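Quick notes on the structure that follows.
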Amino acid sequence: MLIKEALASVDAIQSPYIRAVTYARIGATLALAKNPLYEQAFKKAFDAAEEIDNPIEILKALLAIAFYLGKAKMKSSKKMFRQLAEDIMILPKKTRDKLFRDLISYMLQLGEIDEAFYYSEYISNEKLKNEILVNILKEYLSTLVGEKIRIIYRIRKIELILDHINKEPYRSYAIAEIIKSYLKIGEYDRAILMIKELKSKYWLKQTVKEVLFYLKHKDLDKKYADRLLTVAIEISDNLGIDINEDLAVIFAINGDIAHSVEALSHVSDKEQKLIEIMKALMERRPGTVIHYLQTLDPKDSEIASKAVLNYLIDNPSPKYSSIARYISEKIESEEVIVKAVQYYLKIGQVVEAARMTSKLKSRKLRSLALGDIAHYLLKNNKIGDALDLVMHVEDPKLSSVLISEILVKVIEDELKKEHRV
């Protein structure tokens, strides 16, 4: 009942154009819901369009109706679009271009990309045509999924559309979008060829950033990684772009440690970049971490070692114990040793943690490390061992806190036993 009332209320809209579009929208909604009133709604949409005085506005209303017929999955939609296109073709260029722009926009919303491309040929304004072709291209790029044979067909279509985009900056923007999509689907050879077609300095810079992003975050085959990297370096050299920060990471994750360290020497915020590199290596190439640390000077090696141990503390696993052992034996910093103690406790290697603690000379750091071990023992109900250990904590404040925790733990455990009895 409410639907019928709403449908009848549309007549209250004074503008016949808005009334026609509203009826068409309602018609599409009803058709998709399989409500038979959709036929009445579309009929009223056509009736309202006939009331429009302005012939251009009539065409705009009919284009909207054709669109909503398409949304409703009606076969008559395509036929109607073709008839309207014939009517639009005879209009003056400026008006014709605007109406074809609307028609193409509707086609793209309906997923009719080939039809949209076909009608783009009727636009005479080169700037507008190039803008529209870029939009059509982007829609096609979004379809680069599925079987390889389909992707190849669509790539051919994409390159055909690109051939029709002949104005800058539209062409360079289109190429940049294609490169981005090719990288995503692993078409690296095609991406490299496309990079060489770029003319705009701005889009060359943007593309270098895109390539560097992929090299930093994707595990590419070495052959493609090397080729993409070579292209990125060539472009950056030609344009005077400093990409050492990216190169330091990319070389590292591709196993080229010497070049990574060389690039790192030209980075202003070296400490932050080292932290990023160590995290990337721990996540993707942990086997190269020790070699990387060996290549660094003592100061940088300490910074990098702290970053590695922070990662190990956050992601504890016994498989990384050899890295922690190397760091604790080779790095003289006592702060690093305290972090190693924390890591060993995280993986349950108390004996190794205690061995590390024995190396500490600083009273404060030794007390902190012993406190960590005591906490671990307490958490694992080894109260006696924890109490013995606390006796070796030289910091009186820390030892008092630990003894307090131990005594509270003893009472809690005793009360639990009594409760069970």
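Structure notes:
- Positive minus negative residues near Glu329 (Lys, Arg vs Asp, Glu; Cβ under 11 Å): +3
- Relative contact order [Cα under 8 Å, 6+ residues apart], region 1-74, whole percent: 34 percent
- Region 112-153 and region 193-267: distance between their alpha carbon centers, rounded to Å: 30 Å
- Once Cα extents along the principal axes in Å is calculated for the structure shown, the corresponding label among (i) 80, 51, 45; (ii) 66, 55, 49; (iii) 98, 68, 36 turns out to be (iii).
- Residues in region 139-150 carry Karplus couplings, in order, of 5, 5, 4, 5, 9, 6, 9, x, 5, 4, 5, 5 Hz; the curve used is 6.51 cos²θ - 1.76 cosθ + 1.60 with θ = phi - 60°, and Gly or Pro positions show x.
- Hits among lysines - C-alpha to C-alpha of Lys222 under 25 Å, sequence gap 8 or more where chains match: Lys148, Lys180, Lys184, Lys196, Lys205, Lys209, Lys273, Lys279
- Footprinting exposure proxy for Thr357, Thr288, Thr230, Thr295 (fewest neighbouring C-beta atoms within 10 Å first): Thr230, Thr295, Thr288, Thr357
- Descending principal axes extents, region 208-348, alpha-carbon based, whole Å: 51, 28, 19
- Here the 3J(HN,Hα) profile of region 257-266, calculated from phi with Karplus coefficients 6.51, -1.76 and 1.60 at θ = phi - 60°, is 5, 4, 5, 4, 5, 5, 4, 4, 5, 9 Hz, Gly and Pro shown as x.
- Signed unit charges on C-beta, dipole axis of the chain, positive-most listed residue Val308, Leu32, Leu137: Leu32
- In this entry, region 49-188 is assigned a mean projected area of 9.1 nm², taken as a quarter of its C-alpha convex hull surface.
- Amide H contacts under 5 Å for Ile165, placed H, 5+ residues apart: none
- Over region 192-251, relative contact order from alpha-carbon pairs under 8 Å, at least 6 apart, %: 40 percent
- Cα-based radius of gyration of region 338-386 once divided by 2.2 N^0.38 Å, which approximates compact folds: 1.03
- For region 95-211, the Cβ-based charge dipole about the Cα centre amounts to some 440 debye (Lys, Arg positive; Asp, Glu negative; other atoms uncharged).
- A simple spin-label model places the labels of Lys382 and Ser105 7.2 nm from each other, with each point 7 Å out along Cα-to-Cβ.
- Neighbour-limited loop hits for trypsin sites (Lys or Arg not before Pro), region 1-65 (at most 11 other Cβ within 10 Å; DSSP other than H, G, I, E, B): Lys34
- The chain: calculated mean residue ellipticity at 222 nm from DSSP helix runs of at least 4, using -39500 (n - 2.57): -24500 deg cm²/dmol
- Local charge for Glu126 was computed over the other residues whose Cβ lies under 12 Å away, with Lys and Arg +1 and Asp and Glu -1, and equals +2.
Quick note: the coordinates plus some simple rules give every number you see, no bench work behind them. In this text, all values refer to a predicted model and were calculated from it rather than measured experimentally. As a convention, Cβ positions derive from the backbone with ideal geometry for all residues, glycine included, and neighbour counts pool all protein chains shown.
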